[in-house]
Structure formats: structure tokens, C-alpha cells
Amino acid sequence: MRVAVVTGAAGDIGAATARAFADAGHALVLLDRHAAVLPQGAGGLALSCDLSDPAAVAATFAAIAARFPRIDALANIAGINHRAPVCEMRIEDWDRMMDVNVGAMFLTCKHAIPLMTGKAPAIVNMASISGHVASPDYPAYVATKAAVESFTWALSGEVGPEIRVNAVAPGWVAAGFTRAALKTGADPAALQARAKAAHLLGRMAEPSEVAAAIVWLASPKASFVTGETLFVDGGLMRVH
């Protein structure tokens, strides 16, 4: 059985990705600071871990190695966002964004790669269209997502041909703070109208649609794809 590690597994996209990997027959290792739940019928581990803490990540991957003989897929989905213009952003908020969105990805890859010894292992990193279409007041987020793509490209050269490494760059997704705004925001209809205008497909993505792209990139069906960014953006980049 193939083994998939999913970070940020307690979030909407992480949970959808875990379900998609389980449906594809993988055993799961779910990592998050918060409690992640294994999908019904899926086997594996759900571990609490601050992925920005080097010691915690090292200990977590030691626990993974004690349970499983190898890792076949690593989906780096964990990430945070913070809205503040440069002159108003606190240094600690900037540093936290870098530590979680980029530093944690470095740490998980560092510890996962020695365990990726099976047939056709793959890493998929969570980028964003925000790395290409920079939104005002989100300088730290857009910087981290651009860094994710550069990290992905560099790593693919380091570990190929043994391991494939790619990134997924979604447009707007009905997940996280966006889903919360749709449920409890002052004007959900206006948000839906903005999403319709922003995407050629006239809507934002569901988490399951992003998850499907991640699992495809990690699968043998994408066996000749590495060092790439797959845009799952409903045509947002074409609008821009």
C-alpha cells in the first residue's frame, strides 16, 4: 500500500486531499497543529505537530518512520494568511508567515525525502495564483507563495529523477477564511459576484477540485511531470 503524508490536514483543502488519497487506496499520515481526523475507513496516523518547529518535525518524521517502511507521497498544504500592508505589518507576523508557509515546507521535505524510497514517489507543494497576481495588503502571503514555486523548481532538480516535485496554484477556493466569509460575512452575495468576475468559469473552486489535482500530480498518471506548477484557477490567470 502506498503511504501519503498530508500537512495542514485539519483544514478544508487538507481534509479533502486526505479523503482523495484514501479513495485512491493510500494509507495516510495527517499532520496539523490542530486535530485532524482520518477519513472513515482510512488507515494511518493523525499527528499533532507545529510544522514550523524543527525539533517537532524531526520527532514527527521519526514516528512516521517507525510506523511505515517508506513515504510515497508528500502533500505540503499547511499554510496561513495575514492581511496587513508593509508599513503596518508587525515583524513577528511577517516572520510567522515565512516560517509556516515556506520554512515548514523545507522541514517536511528535508525529513521526508530520505524516507521516499519506493517506486515513483512524489512531492506536491501548495502554491497560489497570489504568487503571480499580487493582491494589495497581502505582501507576506504573496511573497511566500512565490517562494514556494522557486523552492519547488529547485528541489525538483535536486531529487530528480528519483522523486518528482510539483506545485499546485489554486485561484479562489471556498475554504478557510473565504468559506467563513461566505457563511457569516456581511455580504456573501458580493463575494460570490467578485468570484464570478475573477474566474473564466464564473465561480471559485471547491476543496475537492484542488485535492484532485494534488492526488493526480502525486500519482503515476503524472509520471512525466516534474518541476511544474499546475494552475487550478478556473481561468483566473487568463482574466488577468
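Could you give me the residue pairs with C-beta distances under 6 Å whose first residue belongs to segment 68-89 and is of a type in the set (D, E, K, R), whose second residue is assigned to a strand (DSSP E or B) wherever it lies, and which are 6+ apart or on separate chains?
Filtered contacts from segment 68-89: Asp72/Val3.
Return the total of residues in segment 72-97 being open to solvent by less than 50 Å² (accessible area, probe 1.4 Å) and part of a helix (DSSP H, G or I).
Residues in segment 72-97 being open to solvent by less than 50 Å² (accessible area, probe 1.4 Å) and part of a helix (DSSP H, G or I): 2 in total.
Can you find a residue in segment 129-148 that is part of a loop (DSSP other than H, G, I, E, B) and within 17 Å of Val100 (Cα to Cα)?
Applying the first criterion (part of a loop (DSSP other than H, G, I, E, B)) to segment 129-148 yields 132-138.
Okay, now just the ones that are also within 17 Å of Val100 (Cα to Cα), so 138.
Yes, there is a match, as at least one residue in segment 129-148 is part of a loop (DSSP other than H, G, I, E, B) and within 17 Å of Val100 (Cα to Cα).
Quick one: would you say Gly160 is of a type in the set (Gly, Ala, Ser) and within 15 Å of Val124 (Cα to Cα)?
Criteria met by Gly160.
So Leu51 passes all but one of these: (1) within 17 Å of the chain's Cα centre (by Cα); (2) part of a loop (DSSP other than H, G, I, E, B); (3) in contact (Cβ under 8 Å) with a residue 60 or more places away in the chain. Which condition number does it fail?
(3) is the only condition that Leu51 fails.
Looking at Ala211, Ala174 in this structure, which one is in contact with an Asp or Glu (Cβ under 7 Å, 6 or more places away or on another chain), open to solvent by less than 20 Å² (accessible area, probe 1.4 Å) and on the phi < 0 side of the Ramachandran plot?
Ala174
So which pairs qualify, if the first residue must be in segment 207-219 and free of Cβ contacts under 8 Å to residues at least 12 places away in the same chain, the second must be open to solvent by less than 20 Å² (accessible area, probe 1.4 Å) and part of a helix (DSSP H, G or I), the Cβ gap must be under 9 Å, and the two must be at least 6 apart or on different chains?
As it stands, the answer is Trp216/Ala222, since those pairs meet every condition given.
Does Ser52 fit the bill of being small (Gly, Ala, Ser) and open to solvent by 50 Å² or more (accessible area, probe 1.4 Å)?
Judged against the criteria, Ser52 is not a match.
Has segment 203-214 got at least one residue that is closer than 19 Å to Thr108 by Cα and touching a Cys at 6+ places or on another chain (Cβ under 9 Å)?
no
Restricting attention to segment 189-204, does a residue exist that is under 27 Å from Ala10 (Cα atoms), in contact with a helix residue (DSSP H, G or I) (Cβ under 8 Å, 6 or more places away or on another chain), modelled with pLDDT of 95 or more and not in a loop (DSSP other than H, G, I, E, B)?
no
The conditions are (1) assigned to a helix (DSSP H, G or I); (2) at pLDDT 95 or above, and Phe224 fails exactly one of them. Which is it?
It fails just one condition, (1).
Residues being at pLDDT 95 or above, closer than 21 Å to Ala211 by Cβ, in a helix (DSSP H, G or I) and not β-branched (Val, Ile, Thr): count how many of those fall in segment 152-185.
Residues that pass the stated criteria total 0.
The values are calculated or read from the model by the stated rules, or taken from the named source; none is laboratory data. No experiment lies behind these values; they were computed from the predicted model shown. Backbone-built Cβ (ideal geometry, glycine too); neighbour counts: all protein chains shown. Calculation scope for accessible area: heavy atoms of the full protein, side chains included, ligands and nucleic acids excluded. Shrake-Rupley method; radii C 1.70, N 1.55, O 1.52, S 1.80 Å.
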